[in-house]
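A.B. asks: Take a look at this one; I'll ask things after.
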Amino acid sequence: MAHDTTTTHPTIRALPRSVTRLEIPVGTNYKQFVARFEQAVPPLDYRRTFELVTERAPWSAVRRLADEGAPLGFMIYWKFDAQPLFGVAGDQARCTEYLMGNHTIAERMYRHDAGALMYAPLRITIHESPSGEAVFAIDRPSDTVSVLGRPEITEVGRELDRKVGALLAHLGVPVPDELT
């Protein structure tokens, strides 16, 4: 049976973008930096967050829990230590990938365009350079969300740039101009 090509489809949007990837040497070894990072960016309290959702708690309670659980503004939603898997192939470099963010900040983009969640939480890696030094890598948040063409969302992206910069400063890492 032939495919009907005359059917009307919703408009498909192709949104090209340019993103600045930042790779920031952190001045210490991988293991030490991962430990410092995970102390500064705690995991999301899934149990308590689920309870608030189940209770249909007010958004103010969700914000309060996020503020308590993420003193520097970010929490870890997901973590993947890649080396054990890739070590099977003989790769030795260590790398941990994270989804890091804050749903109360993401909501401020979501309210304008639910598709903004493609860029929240933020995807980062902490990986080992060939010399053994840890490197923090991230795509600049404002670049990722600016493709949506919504000034309200881009402004939240710029706020995230600054928050990532503040996190790096807290961790004693040089903050690139792109995050200030």
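The values are calculated or read from the model by the stated rules, or taken from the named source; none is laboratory data. For clarity, every value in this text was computed on a predicted model and none was experimentally measured. Don't worry about glycine lacking a Cβ; one is built from the backbone with ideal geometry, like all the others, and counts go over all protein chains shown. For accessibility, only protein heavy atoms count, side chains too; no ligands or nucleic acids. Shrake-Rupley method; radii C 1.70, N 1.55, O 1.52, S 1.80 Å.
A.B. asks: If you plug each phi of the range 98-108 into the Karplus form 6.51 cos²θ - 1.76 cosθ + 1.60 with θ = phi - 60°, what whole-Hz ³J(HN,Hα) values come out, in order, with x for Gly and Pro?
C.D. replies: After applying 6.51 cos²θ - 1.76 cosθ + 1.60, I find 10, 10, 10, x, 7, 5, 6, 7, 4, 4, 5 Hz.
A.B. asks: Just how many % of Cα pairs in the range 47-139 lie over 17 Å apart, if you round to the nearest whole percent?
C.D. replies: Summing the P(r) of the range 47-139 above 17 Å gives 62 percent of all pairs.
A.B. asks: Step through the residues of the range 120-131 one at a time and calculate ³J(HN,Hα) from phi using the Karplus curve (6.51 cos²θ - 1.76 cosθ + 1.60, θ = phi - 60°), rounding each to whole Hz and writing x for Gly and Pro.
C.D. replies: Once rounded to whole Hz, the list reads 9, x, 6, 9, 9, 10, 10, 9, 8, 6, x, 7.
A.B. asks: Moving on. May I ask you to rank T11, T154 by accessible area, largest first, using a 1.4 Å probe over the protein chains only?
C.D. replies: Descending accessible area places them as T11, T154.
A.B. asks: On to the next question. Would you compute the Debye intensity of the chain from its alpha-carbon atoms alone, equal scatterers and no solvent, and pass along log10 I(q)/I(0) at q = 0.16, 0.17, 0.20 Å⁻¹ to two decimals?
C.D. replies: So the normalised log intensities work out to -1.02, -1.11, -1.38.
A.B. asks: For W59 and A35, compute 0.36 nm times the residue count separating them, minus their Cα-Cα distance, and round to one decimal in nm.
C.D. replies: Separation in residues times 0.36 nm, less the Cα-Cα distance, equals 5.5 nm.
A.B. asks: Run the quick spin-label model on L85 and T180: label points 7 Å from Cα toward the beta carbon, then report their separation in nm to one decimal.
C.D. replies: Taking the simple label geometry, L85 and T180 are separated by 3.7 nm.
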